[in-house]
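Asks: If you scroll down you'll find the structure; I have some questions about it.
Any read-out appearing in this document is the output of simple, stated calculations on the displayed coordinates, not a laboratory observation. All values reported here derive from a predicted model rather than from experimental measurement. Here the Cβ positions follow ideal geometry from the backbone for every residue, glycine too, while neighbour counts run over all protein chains shown.
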Amino acid sequence: MKRLFGTNGIRFVLGRDFMLEDVLKVGLAIGTFFGKRRCLLGRDVRLTGETIASSVASALMSTGVSVYDAGLITTPALQYSVKSGDFDFGIMITASHNPPEFNGIKVIDSDGVEIPREKEKVIESIFFEGKFRYVSWNEVGSYMRIQGLVEDYVRAVLKHVNISAIMERKLTVAVDPANSVGVLTTPLLLKSLNCRVLTVNAHLDGTFPGRDPEPRLDNLGTLSDAVIAAGADMGVAHDGDGDRAIFVDEKGRAHWGDRSAALIVMDYLERNPGGTIVAPVSTSKAVEDVVNKYGGKLVYTKVGSIIVSRTMLKLGAELGIEENGGIFYAPHIPVRDGTMATALILDILTRRNEPLSKLFASLPKYYQVKDKVPCPNELKEAVLRALLSEIKGGRVETIDGAKVWFSDGSWVLARPSGTEPIYRVFAEAKEPRRAQALVEEMKAKLRDIISSLMSRA
Ligand code: MG
């Protein structure tokens, strides 16, 4: 069956691979699925955001859904508002960290988490079969703009940290929201905590003139410079819809997401002994080391934020992480939330009273190498079967693709991408050369298998 939803909602380039008629049909399918309910609608800064949001709104109303339009908002603020407010579901128009030409549609369930795969399937079948339920003229849904959600959301985040202790520290924090909606929440949080706030790439601009919407170690130079120039205690960078956070220490050095996650996990387990942490299999061993050292329980999942959220709900786990800068803190809401992550790091910085660089230096250090091998979608399953039969030695985990652990603590993961015709290959080791060698070895193995399968086909 054809798919509409990818790993995180529906993604497309409007006018290229997805037309406005398709957007309307998505709105009709979602409205038909939910029935005469109340939807909270929001969007990030992307240039096509208003067009897509208004089309989705029209379609929803024609199926009887009443639309409450929050306008520009972060994904986690919208998710929190759906959960805590008087709404039945939510729709966020965003392509998250994807390049500027992309946009997308995320559907949020009444619990604030993106809808599970089973519900996506129903919406997909309504979409592809065109079985839309239109209501009569006197049952058409209403439309209302709604304000003040961001302020309520920031107040909710603040409940989970020691406000007075952080206020006393008078920290200086630089923020890089990628010219998108993260500027609406994180600076407000920081000001509420008596921080001195500096921003870069902070005017709202859907062309993303400052940097790519995905915060990476190689595109945060402006933020690092700002941290150093201002003598700031830390910096934080968000992606296009504000659910990821990548942190920069006071020396201007950016740290990848699983290092900040390891720090948050360490602090959480010290305060909550025996706690359960949920993380995708691609997570750094540094997190597992920390969990073992502090006596917690680590549950690995397939890659994908919805899976992390849903696993947390199922297990009643309070903390989930993703290597890309995703922190899921269930006492607030079990979804990836860049502003909540910032609040947790501020709390740690205050409680431990040490510079962020020193806190990062105390964590186990590993080197990671990431690469990919092209692989036709229809061969992905056969490739995995062949790969698993070929692997000798090492402990093998098959939660998502094949992850092989070695006795020196290094590992290599080969995983079929859910969105692209490729196999992703990750490796991690204490030595960069070892990680590189593991990746090369796995890539060679995958290429052999793929070419022999292709020659047979
Ligand atoms: Mg995002």
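Asks: Above 19 Å lies some portion of the pair distances; for segment 1-155, what is it as a whole percent of all C-alpha pairs?
Replies: 48
Asks: Give the dimensionless ratio obtained when the Cα radius of gyration of segment 66-202 is divided by 2.2 N^0.38 Å.
Replies: 1.29
Asks: Next up: May I ask you to derive the relative contact order of segment 41-107, considering only C-alpha pairs under 8 Å and at least 6 residues apart, and to give it as an integer percent?
Replies: 40
Asks: Report, in order of residue number, the helices in the chain meeting two criteria: a C-alpha extent of 24 Å or more along the helix axis, and a mean Kyte-Doolittle hydropathy of at least -1.0; treat each whole DSSP H run as one helix.
Replies: In the chain, the long hydrophobic H runs are 432-456.
Asks: Among the listed pairs Lys83/Lys159; Lys365/Lys443; Lys302/Lys372; Lys191/Lys251; Lys119/Lys403; Lys297/Lys372, which are separated by more than 20 Å between their Cα atoms?
Replies: Lys365/Lys443; Lys191/Lys251; Lys119/Lys403; Lys297/Lys372
Asks: Sticking with this structure for a sec: Can you run the Rg to Rh ratio on segment 122-242? Use alpha carbon positions and the Kirkwood inverse-distance Rh.
Replies: Taking Rg over the Kirkwood Rh, I get 1.17.
Asks: In addition: From zero outward in steps of 5 Å, how is the percent of C-alpha pairs of segment 257-377 spread across the bins?
Replies: With a bin width of 5 Å, the distribution comes to 2, 11, 23, 24, 20, 10, 5, 2, 1, 0, 0.
Asks: Plugging the Kirkwood radius over Cα pairs into Stokes-Einstein for the chain, at a temperature of 20 °C and a viscosity of 1.002 mPa s, what D comes out in µm²/s?
Replies: 94
Asks: Give me the percent relative contact order of the chain, please, defined on Cα pairs under 8 angstrom at least 6 residues apart.
Replies: Relative contact order of the chain: 12 percent.
Asks: Cβ neighbours within 10 Å, averaged per peptide: list 262-268, 224-230 in order, most packed at the top.
Replies: Result, highest mean Cβ count within 10 Å first: 262-268, 224-230.
Asks: Averaged over every viewing direction, what's the projected area of the C-alpha convex hull for segment 413-457? Give it in nm², one decimal, please.
Replies: Orientation-averaged projected area of the Cα hull: 3.5 nm².
Asks: Over the alpha-carbon set of segment 138-200, divide Rg by the Kirkwood Rh and report the Rg/Rh ratio to two decimals.
Replies: Here Rg/Rh amounts to 1.17.
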